[in-house]
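The values are calculated or read from the model by the stated rules, or taken from the named source; none is laboratory data. Computed from a predicted model, the values in this text were never measured in an experiment. All Cβ positions, glycine included, derive from the backbone under ideal geometry; neighbour counts span all protein chains shown. These accessible areas exclude ligands, DNA and RNA; they are computed on the full protein's heavy atoms, side chains included. Shrake-Rupley method; radii C 1.70, N 1.55, O 1.52, S 1.80 Å.
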Amino acid sequence: MVESDQINGRMSSVDEFCKALGGDSPIHSVLVANNGMAAVKFMRSIRTWALETFGNEKAILLVAMATPEDLRINAEHIRIADQFLEVPGGTNNNNYANVQLIVEIAERTRVSAVWPGWGHASENPELPDALMEKGIIFLGPPSAAMGALGDKIGSSLIAQAAGVPTLPWSGSHVKVPQETCHSIPEEIYKNACVSTTDEAVASCQVVGYPAMIKASWGGGGKGIRKVHNDDEVRALFKQVQGEVPGSPIFIMKVASQSRHLEVQLLCDKHGNVAALHSRDCSVQRRHQKIIEEGPITVAPPETIKELEQAARRLAKCVQYQGAATVEYLYSMETGEYYFLELNPRLQVEHPVTEWIAEINLPASQVVVGMGIPLYNIPEIRRFYGIEHGGGYHAWKEISAVATKFDLDKAQSVKPKGHCVAVRVTSEDPDDGFKPTSGRVEELNFKSKPNVWAYFSVKSGGAIHEFSDSQFGHVFAFGESRSLAIANMVLGLKEIQIRGEIRTNVDYTVDLLNVR
């Protein structure tokens, strides 16, 4: 349990911060309902922010969840946390994706808020509702916005209502009034789906080949198949259904020669939405990202501005709160862009944005969770060139002189250089990127001013059978894209990993050398 005297020691500075910047719900402690990379990154970000803000890196108490498997491998997030509670092991429905368990632990430890991270329960609308009933803050969107935009079919219908371009798909003909886009009637929703093989074939013929058969609840490479003709649809439709049982299915045309572009959003509960620059995540394997970079360099500035404004319209349409990423496909042939999906959570690659926008995104989630408006957050003011005295350490001075400004009209400062990110995974590139697990005898990496990394495992640890295959993330910065890539190659070459696992490091170095 979070001890009352521990909390009381944190009361004055956090309460003062929240009140001074216009918030209404001070957050003194957070349950991190995640493990691995997500938990490590969040905890380190909050520690850094708390030190800069309050002069005390432990001003916000961090509570971890730990499975027997996590304890066995000396998982890094357990070591960083102020305290942890052991939870059942096995697959994530027993622990990090178990809404009832998360709420019970949050109540037992009396935390102010719960951070879901990515994966696991982060996109389950039941979690924010269950926490709200207990008076606990969810550091993410309300269930209505999460349910509407976390669903690929619903989000495409909302995008059409908000005037955001979409690729030809099985719901292109379906119209949703913008004023009701946050709650789509079931009959309208069904009109955008295909439920049988014959319907899928008919829809593909209208949309045009090549096309994608996609499960709305799919993700991470599951529930998606590319088809080139009617016979392939008949052969693969049942596979998509089987990979994501019960999920609605839809058809979408493939955008040839397209790039995977995205915009990072941060939204408060007062209706303000900030677009925090852009990222290019086109290099993927098995429909999962492996190299990310920002800002976008393949599209002209006016198109990037359109991507940002379209993303903001979409978030406002559903009264979104918290961090989100709007993803697009961008045609290199025509220069046109199309809505792909909105992720109602923080993305794995968010540090790319942190580096070029100079904004601590996990800390921003906590600040927004306190009810503080975006226009009072020091880092956001700096992002828009409205600065009073610098970063978070000067919040007392800023709060005294800060004035409200219109984010719809404000112009952001230019991105700070270029950032490239590489996901380090325990996969065998020579065996179709098959995940591997086992002991990690040595993991050695030394960060430099322009190359930074974090890992969910240390020397002497291990990657267990229920771990996500990603156990590291490397970020390289440069004044230009070419310098950032060169710094990344040098950084990757200096990583030393010995143990029972295989990794993608050498493969990625080869890939970057030809970019």
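A few remarks follow.
- Trypsin sites (Lys or Arg not before Pro) within region 12-63, DSSP loop, no more than 14 other Cβ atoms inside 10 Å: none
- Computed E for E336/I386 - FRET, C-beta separation, R0 35 angstrom, nearest 0.05: 0.55
- Taking 0.36 nm per residue of separation and subtracting the Cα-Cα distance, full extension of the segment from L490 to E107 would add 133.2 nm.
- DSSP-defined antiparallel bridges as percent of all bridges, the chain, nearest 5: 80
- Of all lysines in the structure, the ones whose alpha carbon falls short of 30 Å from that of K446, not counting any fewer than 8 places away in one chain, are K41, K58, K289, K414, K416, K434, K458, K493.
- Sparsely packed loop sites in region 295-352 (the GluC sites (Glu not before Pro) outside DSSP H, G, I, E and B with at most 10 other Cβ atoms within 10 Å) comprise E333.
- Ignoring aspartates and glutamates fewer than eight residues from K253 along the same chain, the ones with Cα atoms less than 20 angstrom from its Cα are D151, D198, E199, D230, D231, E232, E262, E327, E333, E336, E341.
- Full-stretch length increase - L71, K404 - with 0.36 nm per residue and alpha-carbon distance subtracted: 115.2 nm
- Annotation: peptides 410-423, 184-197, ranked by per-residue average of other Cβ atoms within 10 Å with the highest first, follow the order 410-423, 184-197.
- Under 12 Å from K226, Cα to Cα: aspartates and glutamates that are on another chain or at least 8 residues apart: none
- In region 54-160 the Cα-Cα distances spread across 5 Å bins starting at 0 as 2, 11, 19, 21, 18, 12, 9, 4, 2, 0 percent of all pairs.
- In this rough spin-label picture, where each label sits 7 Å from Cα along the Cβ direction, the Q411-S195 distance is 5.3 nm.
- Projected label distance in nm at K226 and A202, using a 7 Å step from Cα toward the beta-carbon: 2.8
- Largest-first principal axis extents of the Cα set of the chain (Å): 66, 54, 47
- In the chain, the DSSP-assigned H stretches of four residues or longer account for a calculated mean residue ellipticity at 222 nm of -10500 deg cm²/dmol, using -39500 (n - 2.57) per stretch and the full residue count as denominator.
- Whole-angstrom gap from region 52-107 to region 161-181, using each part's C-alpha centre: 40
- In region 443-515, chymotrypsin sites (Phe, Trp or Tyr not before Pro) in a DSSP loop with at most 14 other beta-carbon atoms within 10 Å: none
- Accessible surface comparison of W217, W395, probe 1.4 Å, protein chains only, largest first: the order is W217, W395.
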